[in-house]
Amino acid sequence: MILLETTRLLFRTHEARDENDFVVMRTDPEVRRYVGGAPWPLEKARSRFRNEYLGKPTATYGLWATVLKEQNRYIGCCGLRRAETEEAAFLAYYIARPFWGRGLASEASRAFIRFAFESLRLPRLLADVERGNKASEHILEKFRFKLARQEELPGSGRIICYYELWKDDWKENGASRTEGVVGA
Ligand SMILES: CC(C)(COP(=O)(O)OP(=O)(O)OC[C@H]1O[C@@H](n2cnc3c(N)ncnc32)[C@H](O)[C@@H]1OP(=O)(O)O)[C@@H](O)C(=O)NCCC(=O)NCCS
């Protein structure tokens with residue numbers, strides 16, 4: 001199933017052919033640096049793919065296989081995670097290292113923010129980012145997410161920054177333009 005498309009990306013259910021690219025991404029120490037800190041061992045990456053990603057998501061929430069259309073290639077996973085409250089969701093994005101710095105996470109974020117506010121009619125989006133993840137912080141700030149609170153993970157020295165974006169602030173930003181989204 002395809003959930004959304006943008007100019008360069010499409011977001012679909014994970015398929016068996018995504019496994020190798022998924023495993024390479026999740027065993028990459030640079031990708032894991034601010035999301036847990038350590039790369040997944042190979043076997044963990046394979047079993048997580050088969051048990052938690054393959055055939056998923058099938059509707060709305062979850063991390064969608066993110067495909068670079070011009071290469072028909074799996075380059076990461078992006079989407080919305082359910083929040084404890086029905087009135088919000090977490091924006092999330094993982095892009096494989098060879099594809100960093102091309103504006104792809106921003107393009108995915110723009111599409112999911114629009115989907116959350118316009119299709120799901122959520123009033124608020126959330127995001128959690130480890131302090132120091134400058135690229136991710138920059139993306140959130142670009143879309144006008146505001147830092148709501150910070151919390152240290154006990155005993156780890158790692159600080160998690162919790163961001164939020166209210167629909168009204170997104171509209172004020174003019175970011176609700178349909179630019180980049182070609183289907184939903
Ligand atoms: C974070 C991540 C998704 C960014 O993906 P990306 O496709 O390279 O991001 P984009 O190219 O859309 O945008 C990155 C922006 O951050 C900026 N940036 C990158 N590194 C930066 C740094 N060290 N300091 C400040 N800004 C930085 C870029 O210049 C770009 O800004 P621009 O849009 O104004 O040009 C990617 O690095 C990734 O998947 N990391 C591993 C997983 C992860 O950390 N996910 C996020 C969890 S919160």
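Summary of values
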read-out: Among the candidates Glu137, Glu107, Glu87, residue that is among the acidic types (Asp, Glu) and surrounded by fewer than 16 Cβ atoms within 10 Å (Cβ to Cβ); value: Glu87
read-out: Test: Leu140 is out of contact with any His (no Cβ under 6 Å at 6 or more places or on another chain) and assigned to a loop (DSSP other than H, G, I, E, B); value: no
read-out: Qualifying residues in the stretch 3-25 (those that are under 25 Å from Glu107 (Cβ atoms) and free of Cβ contacts under 8 Å to residues at least 40 places away in the same chain) - the one surrounded by the fewest Cβ atoms within 10 Å (Cβ to Cβ); value: Asn20
read-out: Matching residues, the stretch 143-162, being assigned to a loop (DSSP other than H, G, I, E, B), over 11 Å from Leu91 (Cβ atoms) and within 13 Å of the ligand (Cβ to nearest atom); value: Arg158
read-out: Of all residues making up the stretch 157-184, the number that are at pLDDT 85 or above and either among the polar types (S, T, N, Q) or closer than 21 Å to Arg33 by Cα (or both); value: 7
read-out: Test: residue in the stretch 7-17 that is acidic (Asp, Glu) and over 17 Å from the mean Cα position of the chain (by Cα); value: yes
read-out: Some residue of the stretch 61-80 being away from the ligand (no atom under 14 Å from the Cβ), over 24 Å from Thr27 (Cβ atoms), within 17 Å of the chain's Cα centre (by Cα) and aliphatic (A, V, I, L, M); value: no
read-out: Residue match in the stretch 30-40 (condition: surrounded by 17 or more Cβ atoms within 10 Å (Cβ to Cβ) and of a type in the set (Val, Ile, Thr)); value: yes
read-out: Tally of residues being within 10 Å of the ligand (Cβ to nearest atom) and either among the hydrophobic types (A, V, I, L, M, F, W, C) or in a loop (DSSP other than H, G, I, E, B) (or both) across the stretch 88-128; value: 14
read-out: Hits in the stretch 117-135 (condition: of a type in the set (A, V, I, L, M, F, W, C) and within 24 Å of Val31 (Cβ to Cβ)); value: Leu125, Leu126, Ala127, Val129, Ala135
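The values are calculated or read from the model by the stated rules, or taken from the named source; none is laboratory data. Just so it is clear, the model here is predicted, and its values are computed rather than measured. Every residue, glycine among them, receives a Cβ derived from its backbone with ideal geometry; neighbour counts consider all protein chains shown.
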